[in-house]
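The values are calculated or read from the model by the stated rules, or taken from the named source; none is laboratory data. None of the values given here were measured: they were computed from a predicted structure. Neighbour counts are summed over all protein chains in view; Cβ atoms, including those assigned to glycine, are modelled from backbone coordinates with ideal geometry. Heavy atoms of the whole protein, side chains included, go into the accessibility calculation; ligands, DNA and RNA do not. Shrake-Rupley method; radii C 1.70, N 1.55, O 1.52, S 1.80 Å.
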Amino acid sequence: MPTFYGTEVTSRLMLGTAQYPSPAVLAEAFRRSGAGIATVSVRREAGGDQAGQDFWALIRDLGVAVLPNTAGCYSVREAVTTAQMARELFDTNWIKLEVIGHADTLQPDPFGLVDAAAQLAEDGFEVFPYCTEDLVLCEQLVEVGCKVLMPWGAPIGTGLGLNNIYGLRSLRAHFPDIPLVVDAGLGLPSQAAHALELGYDAVLLNTAVAKAGDPAAMAQAFGLAVEAGALAARADPMDARDMAAPSTPVFGKAML
Ligand SMILES: CC(=O)[C@@H](O)[C@H](O)COP(=O)(O)O
């Protein structure tokens, strides 16, 4: 299982906690998926009202590691302040850092992301940056102290899957020792399996499960898919080729 900042997690699946039809469905989705990490929006929790407290009790009862996130932050200052609140609220140095740069695509702001990651790493945070698959950006994130990278598969909430397989593959090749997690844009378990087959360590998703007709069943399907993908990666997949090659030996073929 992947190790993030020295902590080995129990599953290759990380689930978001938003948009479920009910708290009971959320809990059942976590139970059936075997997900080991729940990411939680700090902006939601910071409200501190009764609903917020009930939600936090629900998350605590899931018995999984909590990865607070800065979802919805558009500036470095907002993201850093939100991360600091997260540390107080959740008593963890982990932070999934989102600095959104574009309202339509929810694409990360690469410049703000590096700036915020540098400030947070300097302040003792263990940063999980939601980024694009850009190599230069990822190199800079590692330089400022990120020991995990979380490139998107596709824009948040789209369910489009892995939009740039070439880019994701080259990121894996460039960072053989950094845990890599595809975060966002997955719509189907087969796409999660594909990420693991590319050698990724884990996936993080929310919408595909929360918005499925049967979220708990879909969560279970994602849980099975990441294990299948990881097993396939360890099994050393064959290389694809352009030319056909008979899989049945010609020996014993009837001569007509
Ligand atoms: C919950 C969370 O952190 C999202 O911002 C995340 O990136 C998931 O994206 P999807 O909803 O596309 O799976």
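So which of Glu139, Glu143, Glu227, Glu197 ends up being more than 14 Å from the ligand (Cβ to nearest atom) and touching a residue at least 60 places away in the same chain (Cβ under 8 Å)? Reasoning before the result, please.
Working: Glu139 fails: touching a residue at least 60 places away in the same chain (Cβ under 8 Å); Glu143 fails: touching a residue at least 60 places away in the same chain (Cβ under 8 Å); Glu197 fails: touching a residue at least 60 places away in the same chain (Cβ under 8 Å).
Exactly one residue qualifies, and that residue is Glu227.
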### Query
Within segment 90-132, restricting attention to residues that are more than 16 Å from the ligand (Cβ to nearest atom) and part of a loop (DSSP other than H, G, I, E, B), which residue is nearest to Ala57 (Cα to Cα)?
Asp91
### Query
Out of the residues in segment 153-170 that are more than 10 Å from the ligand (Cβ to nearest atom) and open to solvent by 30 Å² or more (accessible area, probe 1.4 Å), which is farthest from Phe222 (Cα to Cα)?
Tyr166
### Task
Test each condition in (1) within 16 Å of the ligand (Cβ to nearest atom); (2) out of contact with any Phe, Trp or Tyr (no Cβ under 9 Å at 6 or more places or on another chain); (3) part of a helix (DSSP H, G or I); (4) farther than 24 Å from Asp134 by Cβ for Ala219 and report the one that comes out false.
(2)
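Taking segment 139-159, which residues are over 17 Å from Leu15 (Cβ atoms), among the aliphatic types (A, V, I, L, M) and assigned to a loop (DSSP other than H, G, I, E, B)?
Here is the first cut: in segment 139-159, the residues over 17 Å from Leu15 (Cβ atoms) are 139-147, 149, 151, 154-155, 158.
Still in the list and also among the aliphatic types (A, V, I, L, M): 141-142, 144, 149, 154.
Matches in segment 139-159: Val144, Ala154.
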#### Entry: Residue ID - farthest from Leu67 (Cα to Cα), chosen from residues in segment 25-56 that are open to solvent by 70 Å² or more (accessible area, probe 1.4 Å) and at pLDDT 95 or above
Arg32
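Quick check on my filter: what residues within segment 94-112 are buried (at least 19 other Cβ atoms within 10 Å of the Cβ), modelled with pLDDT of 95 or more, under 23 Å from Leu205 (Cβ atoms) and touching a Gly at 6+ places or on another chain (Cβ under 8 Å)? Lay out the reasoning, then the answer.
Within segment 94-112, the subset buried (at least 19 other Cβ atoms within 10 Å of the Cβ) is 94-100, 106, 108-110, 112.
Now restrict to residues that are modelled with pLDDT of 95 or more: 94-100, 108-110, 112.
Remaining after also requiring under 23 Å from Leu205 (Cβ atoms): 94-100, 108-110.
Answer for segment 94-112, where residues must be buried (at least 19 other Cβ atoms within 10 Å of the Cβ), modelled with pLDDT of 95 or more, under 23 Å from Leu205 (Cβ atoms) and touching a Gly at 6+ places or on another chain (Cβ under 8 Å): Glu98, Val99, Ile100, Pro108, Asp109, Pro110.
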